[in-house]
1. Any residue in region 128-144 that is over 10 Å from G161 (Cα atoms) and assigned by TED's automatic domain parsing to the domain that holds V115 sitting within a Cβ distance under 6 Å of a residue that is modelled with pLDDT of 50 or more and aromatic (F, W, Y)? List the pairs, counting only those 6 or more apart or interchain.
2. From the residues in region 55-100 that are in contact with a His (Cβ under 9 Å, 6 or more places away or on another chain), assigned to a loop (DSSP other than H, G, I, E, B) and not acidic (D, E), which one is surrounded by the most Cβ atoms within 10 Å (Cβ to Cβ)?
3. Among the candidates N119, N105, N167, which residue alone is at pLDDT 90 or above, in the same structural domain as K206 (by TED's automatic domain parsing) and farther than 27 Å from S68 by Cβ?
4. Going residue by residue through region 96-109, is there one that turns out to be among the acidic types (D, E) and within 21 Å of G194 (Cβ to Cβ)?
5. May I ask you to say which residue of I91, I126 is within 27 Å of F198 (Cα to Cα), modelled with pLDDT under 65 and of a type in the set (A, V, I, L, M)?
Amino acid sequence: DEIVAGGNSLVLRCFGLVLASLAAWYMGYLLAVHVPQNTVSLAALQDIGKKPVLRAPAPKRHKCDHWSPCSPGNFAYRILSGGAKQRSAKICFEDELLISEENGNTGSGINIAVVDCKNVLCVPGITRRVIDSTDHSGEMMDFIKSAPEGTLLLMATYDDGSTKLKNDVKKLVEELGSKEIKNIKFRSSWVFIGAKGFKLPDNIQKEKINHSDNKKNRYNGWPAEIQIEGCIPRNLI
């Protein structure tokens, strides 16, 4: 009797194991048939435990491509000299390109933009390209003299701005606050902002110069381009 009972117990265990296997297979079959194909994959489940990847937001663009914005109540400006003959001069004021290759109003010599600040809004006014030659040196003088009181004059060289530039023009630019115009040489990169009829703050960038040096030139025969930028208070006048 004990042998018979033991045999029956073994049969029952085997039968139970078979039933459990069949039930597991059937449940797997049902899941495969009824679960949608776009369920979470194993790789996605593994990614749940990973730390999220933090992506820095795209940097915000500021007026005239400043690295940081001007505070309220200030005008933004940026003056970039030309580099050799490949890179033209650029003059930007309050995010408006006054002088640029895109505008088609830049050229070899000293490029000048005038901004009218008499109405406190500093609205871009006359813009002019001046080519430095014996003939145009006089034109440059007349142009600067004709700029009314209460205006900003922004200047940048492209290619060469010194050849045949007359001393009386240099003196006129000096009167606007330039300290380097008298030192400008053949193919020097030079940028400047001056005011007519009012004084600019001492703590802003007003002028920069870079002379041609065959040992240091970035381009073949020309120095690297240079730039100045800053913020001008609206209440200067």
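1. Here the result reads R128/F143, each pair linking region 128-144 to a residue that is modelled with pLDDT of 50 or more and aromatic (F, W, Y).
2. In this case the residue turns out to be C70.
3. Values: N119 fails: at pLDDT 90 or above; N105 fails: at pLDDT 90 or above.
Selected residue: N167, the only one of N119, N105, N167 that is at pLDDT 90 or above, in the same structural domain as K206 (by TED's automatic domain parsing) and farther than 27 Å from S68 by Cβ.
4. Of the residues in region 96-109, the ones among the acidic types (D, E) are 96, 101-102.
Those still in the list that are within 21 Å of G194 (Cβ to Cβ) too: 96.
Yes, region 96-109 contains a residue that is among the acidic types (D, E) and within 21 Å of G194 (Cβ to Cβ).
5. Details: I91 fails: modelled with pLDDT under 65.
Just a single option satisfies the conditions, and that option is I126.
The values are calculated or read from the model by the stated rules, or taken from the named source; none is laboratory data. These numbers were taken from a predicted model, which means no experiment stands behind them. We place every Cβ from the backbone using ideal geometry, glycine too, and count neighbours over all the protein chains shown.
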